[in-house]
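The block underneath contains the structure these notes are about, expressed in structure tokens.
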Amino acid sequence: MMSSRRELLSRVGFGLGAAALHALGAPRSFPNFAPKAKRVIYLFQSGGPSHLDLLDHKPYLKSRYNEDIPPSVFGTQRITGMVAHQDRFPVMPTMYSFRQRGQSGQWVSDLLPEIGGIADELCVLRGMHTEAINHDPAITLLQTGSQLPGRPSMGAWIDYGLGSENANLPAFVVLNSLPSNGQPDQGLLARLWGAGFLPSRYQGVQFRSGGDAVLHLSNPPGITREQRRSQLDGLAALNQRLKERVGDPEIDTRIAQYEMAFRMQASVPELVDLSREPESTFALYGPEAKKPGTFAANCVLARRLAERNVRFIQLYHRGWDHHGGLTERLPALTRDVDRPSAALVRDLKLRGLLEDTLVIWGGEFGRTPYAQGPAKPDSYGRDHHGRVFSLWMAGGGVKRGLAYGASDDYGFNVAEGGVHVHDLQATILHLLGIDHERLTFPFQGRQFRLTDVHGRVVKEIVA
């Protein structure tokens, strides 16, 4: 016989907690077909990196310096409030050199020499486009499939569809990096990695660079791990009784998340401790990788998370909103991300992980081919530009050494191979083995999905 009510609650509670945690990571009805990728690392450059200075070589612009963008090119493009009062829109070629890299001959800016060094691993999309022209709607559309807040994030959708492969870590982890110049520009709202109308268990878990990697993960002083275990068992039993009375499914999430937090108390400190990494790691990623919170350190953490089969790893780097002073600020940003981004791809390949890890690098839109403010050859700014921009992907079932799509001679419009944001999302899900039209959730009388009512898989880039 059980000796006490406490023992009864402990045994019952542990069973309930374990069952809830099993449900949290249980496989869903997906994948629909054999996946090419098991996980995603999204290196999000928040603020809108200039495609014309980094990934989209447009030599024609040099011959049109300081001329107005022709009306036939400009068309009916919406403009932001930042340039609404400009008298003209003068062509602004890049001041940086491009060169062809690798056997594939990918054109990459000299600002990205290390990324250029992995050109043969890259699938560069040069026909990306979005209808959003300002940061919040653009990043919200790319991350959640809608310009309006309230939808589940991409990582939450993927967790909902595929579940977790590691019971001791969240399926969806978020890492934020501060640029070395200390100018983060646009803020990042937690709803970008939120669960929206999905059960809250699917929201991303943000790891911090100081103190506890996850808030409130450590036990308070005087509380042992055994005592915490006993508390959670009793709490699970009480929560189960509450669920039976009120029928709220979020109570299962609460039980499961308590269990996840308990397991993370053991798994997360080991994960974020880079002191056991060999010096060869820091030789590859650079000395900044030893500084918590840097993009380089977070790239190392992204690799460690991938090794532990975390499903979706979202790494944000801010500071790319260059309305002015682009030529002073862009080199600092590219120094932050160039070496670690390339190192991550090389590292994953060396460890046999690149084949089933999809790495994505890019922002919410690009920058205008015309100057914001006066056109000066060596000092200029660029406004937001969603009509066409570039990003790159590597590993995870995409073709290597491929440049897909193109902008026109001005780098203003899509000339061929256009990829809308919803097409990108559909393709990411496809590489994970998910039919984007079948990954749905009922809410307010209709079936919602990440790609809304749009999106095609870009099969031309799938290996």
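The values are calculated or read from the model by the stated rules, or taken from the named source; none is laboratory data. Bear in mind the structure is a predicted one, so any value in this text is a computation, not a measurement. Cβ: placed from backbone, ideal geometry, glycine included. Neighbour counts: every protein chain shown.
Looking across the range 311-346, just one residue is in contact with a Pro (Cβ under 7 Å, 6 or more places away or on another chain) and farther than 14 Å from ASN181 by Cβ, and that is ASP338.
Okay, residues lined up against (1) under 22 Å from ALA190 (Cβ atoms); (2) of a type in the set (Val, Ile, Thr); (3) over 24 Å from the mean Cα position of the chain (by Cα); (4) modelled with pLDDT of 85 or more:
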position	(1), (2), (3), (4)
LEU232	no, no, yes, no
ALA261	yes, no, no, no
SER280	no, no, yes, yes
LYS291	no, no, no, yes
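Restricting attention to the range 191-211, the residues that are closer than 16 Å to PRO149 by Cβ and of a type in the set (S, T, N, Q) total 2.
Mind listing just one residue for me: the one in the range 42-87 that is of a type in the set (Phe, Trp, Tyr) and not in a loop (DSSP other than H, G, I, E, B) and, of those, surrounded by the fewest Cβ atoms within 10 Å (Cβ to Cβ)? Don't jump to the end; show me each part of the working.
In the first step, residues of the range 42-87 are kept if they are of a type in the set (Phe, Trp, Tyr); the result is 42, 44, 60, 65, 74.
After this cut, where a residue has to be not in a loop (DSSP other than H, G, I, E, B) as well, the list is 42, 44, 60, 74.
Numbers: TYR42: 22, PHE44: 25, TYR60: 14, PHE74: 16.
So, considering only residues that are of a type in the set (Phe, Trp, Tyr) and not in a loop (DSSP other than H, G, I, E, B), the one surrounded by the fewest Cβ atoms within 10 Å (Cβ to Cβ) is TYR60.
Of LEU402, LEU424, LEU432, all but one fail to be at pLDDT 95 or above, surrounded by fewer than 21 Cβ atoms within 10 Å (Cβ to Cβ) and touching a strand residue (DSSP E or B) at 6+ places or on another chain (Cβ under 8 Å); the exception is LEU402.
Which members of the range 177-194 meet the condition of being surrounded by 21 or more Cβ atoms within 10 Å (Cβ to Cβ) and modelled with pLDDT of 90 or more? Talk me through it step by step, then tell me what you get.
So in the range 177-194, the residues surrounded by 21 or more Cβ atoms within 10 Å (Cβ to Cβ) come out as 177, 179, 192-194.
Selection gives SER177, LEU192, TRP193, GLY194.
Residues of the range 288-338 that are of a type in the set (Asp, Glu) and under 14 Å from GLY47 (Cα atoms): ASP321 alone.
Do we find a residue being farther than 21 Å from LEU217 by Cβ, touching a Leu at 6+ places or on another chain (Cβ under 6 Å) and of a type outside the set (Gly, Ala, Ser) anywhere in the range 270-278? The answer is no; no qualifying residue exists.
Here is a yes/no grid of residues against (1) crowded, with 24+ Cβ neighbours inside 10 Å; (2) of a type in the set (A, V, I, L, M, F, W, C); (3) touching a residue at least 12 places away in the same chain (Cβ under 8 Å); (4) assigned to a strand (DSSP E or B):
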{"position": "ALA332", "(1), (2), (3), (4)": "no, yes, yes, no"}
{"position": "ASP347", "(1), (2), (3), (4)": "no, no, yes, no"}
{"position": "ARG367", "(1), (2), (3), (4)": "yes, no, yes, yes"}
{"position": "GLY373", "(1), (2), (3), (4)": "no, no, yes, no"}
{"position": "HIS384", "(1), (2), (3), (4)": "yes, no, yes, yes"}
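The set of residues from the range 317-342 being under 17 Å from LEU52 (Cα atoms), polar (S, T, N, Q) and touching a Leu at 6+ places or on another chain (Cβ under 7 Å) comprises just one member, THR334.
Checking LEU112, LEU142 one by one, the residue that is surrounded by 24 or more Cβ atoms within 10 Å (Cβ to Cβ) and farther than 26 Å from TYR65 by Cα is LEU142 and no other. Pairing residues of the range 211-239 that are charged (D, E, K, R) with residues that are part of a helix (DSSP H, G or I), at Cβ distances under 6 Å and at least 6 apart in sequence or on separate chains, gives ASP233/SER10; ASP233/GLY13; ASP233/PHE14. Residues that are touching an Asp or Glu at 6+ places or on another chain (Cβ under 7 Å) and either among the polar types (S, T, N, Q) or crowded, with 22+ Cβ neighbours inside 10 Å (or both) within the range 406-421 comprise SER407, GLY411, listed in sequence order. Considered as a group, the residues in the range 195-207 that are free of Cβ contacts under 8 Å to residues at least 60 places away in the same chain and assigned to a loop (DSSP other than H, G, I, E, B) include one that is surrounded by the most Cβ atoms within 10 Å (Cβ to Cβ), and that residue is GLN203.
Per-residue answers, yes or no, for (1) more than 22 Å from the chain's Cα centre (by Cα); (2) touching a residue at least 60 places away in the same chain (Cβ under 8 Å); (3) closer than 20 Å to TYR285 by Cα:
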| site | (1), (2), (3) |
| --- | --- |
| GLY102 | yes, yes, no |
| ASP110 | yes, no, yes |
| GLU114 | no, yes, yes |
| LEU122 | no, yes, yes |
| ARG126 | no, yes, no |
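Taking the range 241-311 as the region of interest, the helices (runs of 4 or more DSSP H) fully inside it that hold 3 or more residues being touching a residue at least 24 places away in the same chain (Cβ under 8 Å) and surrounded by fewer than 19 Cβ atoms within 10 Å (Cβ to Cβ) are 250-272.
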